[in-house]
Each structure stands twice: as structure tokens, then as C-alpha cells.
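Any read-out appearing in this document is the output of simple, stated calculations on the displayed coordinates, not a laboratory observation. Keep in mind the model is a prediction, meaning the values are calculated, not measured. Cβ sites come from the backbone with ideal geometry, for glycine too, and all protein chains shown count toward neighbours.
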Amino acid sequence: MPYPAYARSERLADGAMHVIGVAGAIIGAAFLLMVTAEASDAGTRAALAVYGAALVATFLASACYHMTPWEGPRPILRRIDHAAIYLKIAGTYTPLAVLIGSGLAYLVLTVIWGLAAFGMVRKLFFWRTPGRADWVFYMVMGWLAVLLLSSLVPMVPGAALALMVAGGLLYTLGVVFYLWESLKFANAIWHFFVLIASACFFAAIAVALPGTAL
């Protein structure tokens, strides 16, 4: 797969998105772990640690790939960047499934992590496999969350549900710009949607989970 070439203005715009994303992920992960240090059970804290680590790792992987000025490491950085998307999806499911705590929730979580592991291995070690349509796989994994919706409705505030739905819709809308390669600033716009959608899910989790309520 060829590596796209961007104008300096596009790289600056995309760089700004990544700086905000990495900084926000680190601060947000630290915040969640700090406020739940004594206010929630060990399972919730572990789930939040997984979520926070996945969030930080994904934004760092994306920043390293898109911002590196060197061509040598780009192939492996691209693999890591694309594989990290699966990690982020599974990581986001984790605290929500732990919150629900039902057999169905843990079954869905197991399936999601299984799909994520498969996707990461394929991206890291079988890069020659055609993968331009992987966004479909990402979307299917993300929208499997509807299986948990009926369990979440009575358990979390309406604001948390609204933020989750908004986040899912923003990710989905952002794919339009991910695929619109001829549009100037398309990459920065795509990452802007990822940033805002990630913020929605972060806020939803912070509102929903015991010990993190804002």
C-alpha cells in the first residue's frame, strides 16, 4: 500500500489533532485512575486501566506513524497504527462490560477481544492481505455495542447513553473523510472526528461508572 503525501499545511493540521489526542488521552487516563483509586472496586479499576492504556497507546501509535519524518520506520509504524484501532475498540468495551457484569456482557466482550486479537495479528504479521475495507470490520465491531444497549439503559444516566450514541455516530461519519482521499485535509478531518468521538466515549464512561461520576 502506498504512503500518502500531504502538503505542509495538512501535516500541521493533522499534527495538531495528534498533539491534542495524545495529551488528552494521557491526562484523561490519569484522571480516571486517580478518581477511582479508592471509590470503586478492583474490577472497575482494572477495566479503566485497560481502557486508559488502550486510549493512550492508540493515539501514540497514530502520532508516531503520521508525524514521523523518516521513511525507514514507516512500514512497521503503519502496521502498529492500524492494529491499534482494534485495541482501542476492545479497550472501550471493557469498562462498559464490567459495569453491566452480566453473562451477555462478558460474552460480547470476549467476542470483541477475540476479533481484536485476530485483527491485530493480521495487521501486524499479514500486511500483504488486502485491507482497505478494514473500516467495515471496525464499524461492525463498534456497532455490536447495540447488543448491550438494553442492559445499559437502566444502569447509566441518559447523558452517558447520549454521549455513547454521539460517539458512535461521529466515528461512522468520520469514515466518509477517511475514504475521501482526494479531499484536502481529509486526514486531519478524519482524526478530528476520531478525537471528538473518543472524547464522547471518555465522558460517557466518566459519567456512567461508579466512582467516576462527574
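The calculated Kirkwood hydrodynamic radius for the stretch 36-86 is 12.4 Å, given to one decimal from all distinct C-alpha pairs. The ranking of PHE59, PHE185 by Cβ neighbour count inside 10 Å, starting from the fewest, reads PHE185, PHE59. For the chain, take the longest principal axis of its alpha carbons; what is the angle in degrees between that and the long axis of helix 158-179, to the nearest 10 within 0 to 90? Between the helix axis and the principal axis of the chain, the angle is about 10 degrees. Semi-axes of the equivalent ellipsoid of the chain are 29, 18, 16 Å, computed as sqrt(5λ) over the eigenvalues of the C-alpha gyration tensor in descending order.
Note on MET67 and ALA162: the extension gain reaches 30.9 nm, defined as 0.36 nm multiplied by sequence separation minus the Cα-Cα distance.
In a simple Cβ point-charge model (Lys, Arg +1; Asp, Glu -1; nothing else charged), the chain has a dipole of about 520 debye relative to its Cα centre. Of MET120, MET164, MET67, the sequence from fewest to most neighbouring Cβ atoms within 10 angstrom is MET67, MET120, MET164. Between ASP41 and LEU107, the contour length at 0.36 nm per residue exceeds the alpha carbon distance by 21.7 nm. GNM on the chain, alpha-carbon springs under 10 angstrom: the most fluctuating residue among ALA46, ALA57, ALA105 is ALA46. Shown here for the stretch 52-130: trypsin sites (Lys or Arg not before Pro) in loop regions (DSSP other than H, G, I, E, B) with at most 13 other Cβ atoms within 10 Å, namely ARG128.
Computed 3J(HN,Hα) for the stretch 12-27, one whole-Hz value per residue from the Karplus formula 6.51 cos²θ - 1.76 cosθ + 1.60 where θ = phi - 60°, is 5, 5, 5, x, 4, 4, 6, 4, 4, x, 5, 4, x, 5, 5, 5, glycine and proline marked x.
Helix 103-125 and the longest principal axis of the C-alpha atoms of the chain enclose an angle of approximately 20°. Using just the helices of the chain, give the 222 nm mean residue ellipticity in deg cm²/dmol: DSSP H runs with n ≥ 4 each add -39,500 (n - 2.57), and the total is spread over all residues, rounded to 500. Rounded to the nearest 500, the figure is -26500 deg cm²/dmol. The angle between the Cα long axis of helix 186-208 and the main principal axis of the chain comes to about 10°, on a 0 to 90 degree scale. One chain, two ends: MET155 and ASP134. Fully extended at 0.36 nm per residue, the span grows by 4.3 nm beyond their Cα-Cα distance.
What percent does the relative contact order of the chain come to when contacts are Cα pairs within less than 8 Å and at least six residues apart? Reported relative contact order: 24 percent.
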